[in-house]
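This report refers to the structure that appears directly beneath it.
The values are calculated or read from the model by the stated rules, or taken from the named source; none is laboratory data. Nothing here was measured: the structure is a model prediction, and the numbers come from that model. Cβ placement follows ideal geometry from the backbone for every residue including glycine, while neighbour counts extend to all protein chains displayed. Just the protein is used for accessible areas: all its heavy atoms, side chains included, with ligands, DNA and RNA removed. Shrake-Rupley method; radii C 1.70, N 1.55, O 1.52, S 1.80 Å.
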Amino acid sequence: MTKKLFVKTYGCQMNVYDSQRMQDVLAPLGYQPVDDAAGADMVILNTCHIREKAAEKVFSDLGRIRKHKKAKEANGTDKMIVAVAGCVAQAEGAELMRREPMVDMVFGPQTYHRLPEMVARANRAVGRDRIIDTDFPAEEKFDHLPQQVSRQGYSAFLAIQEGCDKFCTFCVVPYTRGAEYSRPGMDIINEARQLVEKGTREITLLGQNVNAYHGDGPNGGEWTLGRLLRELSEIDGLDRIRYTTSHPRDVDDDLIAAHRDLPKLMPFLHLPIQAGSDRVLQAMNRKHDGASYREIVTKLKDACPDLALSSDFIVGFPGESDKDFEDTMQMVRDITFIQAFSFKYSPRPGTPASAMELQVPEPVKTERIMRIQALLAEQQLEFNRNCLGREMDVLLERHGKLEGQLVGKSPYMQPVHVSGLPESALGQIVRLKITEALPNSLGGELVDAPVQNRDSERKIA
Ligand code: 5AD
Ligand code: SF4
């Protein structure tokens, strides 16, 4: 009997990957994904704890789910299992259970391979059997997930590394995701091959600290990220590779060489710097300073002259002075980022920075975030404008809003719109001449017939 499963994902790309794998785990039990919580047999909120706002959103959504659960269970026979997963579950599981009596199940990012047992227990239970599993189990989650991954889009995520040992003082990740772990190289190659067989052409390797990757190689020894990229790039039919999120400290020569040597490795790198002031970087425990970041960028651009960067920034970290903030602004001007995420510092429970003195007042954070976002938006628009007249390879992924319009991604992750191509162009990489540049997207026209598709008939299975 099929059952309806509604999964809502908050936060990072790792959560998007995890949600997909939860669906894979539950598929053999008859759970099929649906788009609406109303009437679902199971609802999973896969949550994010990185900043306060993300966590609050979960509680407001739970209010709405409560009504759906009541409606579904009104007849006394039907059941809706409500589960909270992810990093809020990990960090605040017990509190969540207390605060939200209708939540049936709470499980952290390291335990979702145990979902079938948890669901069986919840379904068997007469009355209520509330389940909480926020262990960091000794068995490795990835070893217990289904070996088969389900079909994904033309562009897919693949988790290769999880957890973080860096302990930046503002960040909850080392506490919610746990210690750094790298999957064995061949497991990743096999998963990539399966995705490609099912139609994927672009893979983004995921990890909280992805370039700390050091997985077991097949013949003993370890693979670095650089080595893994080389191996992946041998897979026929895989045309584009990306990886995120990187830590500047872990950019090694091997990785820089991969950017020089591998045409499939896209020339766009998300390399968060967070701040431009050495004093703040030190208080953040970032383990790099402004000069070392600049040096890495220089080496990367020497290896791959087309490379463009994006970054994350935090403004209003405790003790950040006007001068410190100006250092960050100067860093942005010097390096230039074609895309970026910037956040006001948000104190997170249990992290060292939340207990620091000299917390920055909210109005100061607001002023700084507006200034940095204006500068970053300017740089993004300038980069987009500089694309006018250029030819770019675009992987067409979906329909656009307008009739007959398709949307794809450039090597630099810019969405690119194009009109007048047949539906069958979806999943193809086409060469477009850029004719329109907007703040967040580009428009283009076909240069010549669909190009460079070695196997153009291959479609999502
Ligand atoms: N406050 C604000 N931003 C944060 N980030 C992580 N923790 C915090 C916090 N406590 C940002 C960092 C990180 C991104 C994923 O989220 O910039 O790179
Ligand atoms: Fe958090 Fe720092 Fe680890 Fe990134 S490197 S996940 S910001 S602790």
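Filter region 65-81 for residues that are among the aliphatic types (A, V, I, L, M) and in contact (Cβ under 8 Å) with a residue 40 or more places away in the chain; which is nearest to ILE44 (Cα to Cα)? Walk me through how you get there before you give the answer.
Step one: of region 65-81, the residues among the aliphatic types (A, V, I, L, M) are 65, 71, 74, 80-81.
Filter once more, so that each one left must be in contact (Cβ under 8 Å) with a residue 40 or more places away in the chain: 80-81.
Values: MET80: 10, ILE81: 8 Å.
Filtering region 65-81 for residues that are among the aliphatic types (A, V, I, L, M) and in contact (Cβ under 8 Å) with a residue 40 or more places away in the chain, the one nearest to ILE44 (Cα to Cα) comes out as ILE81.
For region 337-371, a residue qualifies if it is surrounded by fewer than 19 Cβ atoms within 10 Å (Cβ to Cβ) and in a helix (DSSP H, G or I), and the qualifying residues are PRO352, SER354, ALA355, GLU362, PRO363, VAL364, THR366, GLU367, ILE369, MET370, ARG371. Against the numbered list (1) out of contact with any helix residue (DSSP H, G or I) (no Cβ under 8 Å at 6 or more places or on another chain); (2) away from ligand 2 (no atom under 16 Å from the Cβ), GLY178 comes up short only at (2). Screening region 277-286 for residues that are more than 23 Å from the chain's Cα centre (by Cα) and within 16 Å of ligand 2 (Cβ to nearest atom) and picking the one that is surrounded by the most Cβ atoms within 10 Å (Cβ to Cβ) gives LEU281. Condition test on ARG385, is it part of a strand (DSSP E or B) and open to solvent by 20 Å² or more (accessible area, probe 1.4 Å)? No: the conditions fail for ARG385. Residue pairs whose Cβ atoms lie under 6 Å apart, separated by 6 or more positions or on different chains, with the first residue in region 13-41 and without any contact (Cβ under 8 Å) to a residue 12 or more places away in the chain and the second among the polar types (S, T, N, Q), do not occur. Selection of first residues in region 366-394 that are farther than 21 Å from GLU445 by Cβ and of second residues that are at pLDDT below 95 and open to solvent by less than 80 Å² (accessible area, probe 1.4 Å), restricted to Cβ pairs under 8 Å at least 6 apart or on distinct chains, gives an empty result. Among the residues of region 37-55, those identified as in a loop (DSSP other than H, G, I, E, B) and open to solvent by 20 Å² or more (accessible area, probe 1.4 Å) are ALA38, GLY39, ASP41, ILE50, ARG51. A residue that is under 25 Å from PHE268 (Cα atoms), among the aromatic types (Phe, Trp, Tyr) and within 16 Å of ligand 1 (Cβ to nearest atom) can be found somewhere in region 342-351.
For PRO174, the conditions (1) part of a helix (DSSP H, G or I); (2) away from ligand 1 (no atom under 16 Å from the Cβ); (3) open to solvent by less than 40 Å² (accessible area, probe 1.4 Å); (4) under 22 Å from ALA85 (Cβ atoms) all hold with the exception of (2).
Scan region 305-336 residue by residue and report those that are within 26 Å of ASN386 (Cβ to Cβ) and open to solvent by less than 20 Å² (accessible area, probe 1.4 Å). Give the derivation first.
First, the residues of region 305-336 that are within 26 Å of ASN386 (Cβ to Cβ): 305-313, 328-336.
Residues satisfying the conditions are LEU307, ALA308, LEU309, SER310, SER311, PHE313, THR328, MET329, MET331, VAL332, ILE335.
Scan region 208-220 for residues that are open to solvent by 10 Å² or more (accessible area, probe 1.4 Å) and under 14 Å from the mean Cα position of the chain (by Cα) and jot them down. Matches in region 208-220: GLN208 only. Condition check for ASP312 on (1) of a type in the set (Asp, Glu); (2) within 16 Å of ligand 2 (Cβ to nearest atom); (3) out of contact with any Phe, Trp or Tyr (no Cβ under 8 Å at 6 or more places or on another chain): one failure, at (3). Listed by position, the strands (runs of 3 or more DSSP E) inside region 212-296 whose residues that are of a type in the set (Ser, Thr, Tyr) and in contact with a helix residue (DSSP H, G or I) (Cβ under 8 Å, 6 or more places away or on another chain) number at least 2 are 240-244.
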